[in-house]
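Below you'll find the structure, written out as structure tokens, and then a few comments.
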Amino acid sequence: MCSSDLHHGRFTMDHERLRQEIAFAAARLLACRQCSTYHDARWTAARAVTRSYLPAQALPTDLEIRMALDQQVAADSRLHAADQSRTDQRWQYFLSLLLPLEKVVQDRQSHPEGDVLYHCLQVFELARERCPWDEDLLLAALLHDVGKGIDPRDHVNAGMAVLRGRVSERVLWLIENHGLAQRVLDGTAGARARRRLGTAEDAEALDLLTACDREGRLPGRVVCTPEEALQFLQDLEAENDA
């Protein structure tokens with residue numbers, strides 16, 4: 001093979017690579033609505049890829065840009081489906097922690113309302129009435145006692161163990177400290193604990209959770225189902241992410 005043939009092959013390969021790069025860059029511009037026509041997207045992408053002279057054979061056709069756009073849309077759809085699947089699994093996981101609580105009976109003197117699930121739903125409803133926009137607070141209200149279905153003797157740490165990595169650090173902090181906040185109200189907590197919670201950044205939210213925890217012990221109170229509570233939180237999460 002002569003040197004001119006080698007040069008021509010390398011020239012063709014470089015042009016093919018440029019065509020692909022420009023086609024995908026143009027497709028991204030169209031997908032993000034930064035350009036509205038194939039012509040504008042092609043030349044904007046070409047200038048972004050290289051400042052060198054581009055012969056016609058190095059520029060993608062409308063069809064090539066369209067094919068690149070279709071590939072990107074398909075890839076985005078797969079990513080969205082995967083994200084949606086992970087999201088759905090997260091809410092199903094929370095439901096799997098809540099449902100067994102219906103069979104966990106509490107001391108009637110401190111919890112005359114009955115089982116743990118009913119208590120958690122009451123606390124959620126009370127928190128939603130007062131602060132319907134605070135996703136973390138509402139999630140902590142609903143899940144604050146899930147550990148009672150795992151280890152009733154150390155339900156706070158048990159609950160945090162099964163929730164860690166699936167909820168925010170703020171939710172974990174509220175759940176971790178809601179029992180201590182109850183003791184502060186009772187006057188049974190030490191001075192150091194009172195100072196620590198009193199000066200905490202999220203003291204107001206913790207106080208609200210603690211108040212709802214105390215009030216959520218009423219026999220006969222009307223509450224939503226755990227599925228409805230989780231759907232509300234899922235919709236709130238989507239609204240906050242929008």
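The values are calculated or read from the model by the stated rules, or taken from the named source; none is laboratory data. These numbers were taken from a predicted model, which means no experiment stands behind them. Every residue, glycine among them, receives a Cβ derived from its backbone with ideal geometry; neighbour counts consider all protein chains shown. These accessible areas exclude ligands, DNA and RNA; they are computed on the full protein's heavy atoms, side chains included. Shrake-Rupley method; radii C 1.70, N 1.55, O 1.52, S 1.80 Å.
The figures follow:
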quantity	calculated
Qualifying positions in segment 7-34 - in a loop (DSSP other than H, G, I, E, B) and either touching a Pro at 6+ places or on another chain (Cβ under 6 Å) or at pLDDT 80 or above (or both)	Gln34
Subset of segment 53-70 that is without any contact (Cβ under 8 Å) to a residue 40 or more places away in the chain and in a loop (DSSP other than H, G, I, E, B) - its residue that is nearest to Phe24 (Cα to Cα)	Thr61
Criterion (surrounded by 11 or more Cβ atoms within 10 Å (Cβ to Cβ), hydrophobic (A, V, I, L, M, F, W, C) and modelled with pLDDT under 85) met by exactly one of Val171, Val184, Val223, Val167	Val184
Residue identified as within 30 Å of Glu237 (Cβ to Cβ), open to solvent by 50 Å² or more (accessible area, probe 1.4 Å), in a helix (DSSP H, G or I) and modelled with pLDDT under 70 among Ser4, Ser77, Ser96	Ser77
Hey, Asp107 closer than 30 Å to Pro226 by Cβ and modelled with pLDDT of 75 or more or not	yes
Any pair with Cβ under 8 angstrom, 6 or more apart, that starts in segment 201-217 at a residue that is under 17 Å from Leu143 (Cβ atoms) and ends at one that is outside any helix (DSSP H, G or I)	Ala205/Cys131; Ala205/Asp134; Leu206/Ala200; Leu208/Cys131; Leu209/His144; Asp213/His144; Gly216/Glu113
Output for segment 144-155, where each listed residue is open to solvent by 30 Å² or more (accessible area, probe 1.4 Å) and of a type in the set (A, V, I, L, M)	Ile150
Yes/no for Trp43 being within 30 Å of Gly147 (Cα to Cα) and either modelled with pLDDT of 70 or more or of a type in the set (Val, Ile, Thr) (or both)	no
Hits in segment 99-129 - residues which are in a loop (DSSP other than H, G, I, E, B) and without any contact (Cβ under 8 Å) to a residue 12 or more places away in the chain	Val105, Asp107, Arg108, Gln109
Residue in segment 111-129 that is at pLDDT 80 or above and β-branched (Val, Ile, Thr) present	yes
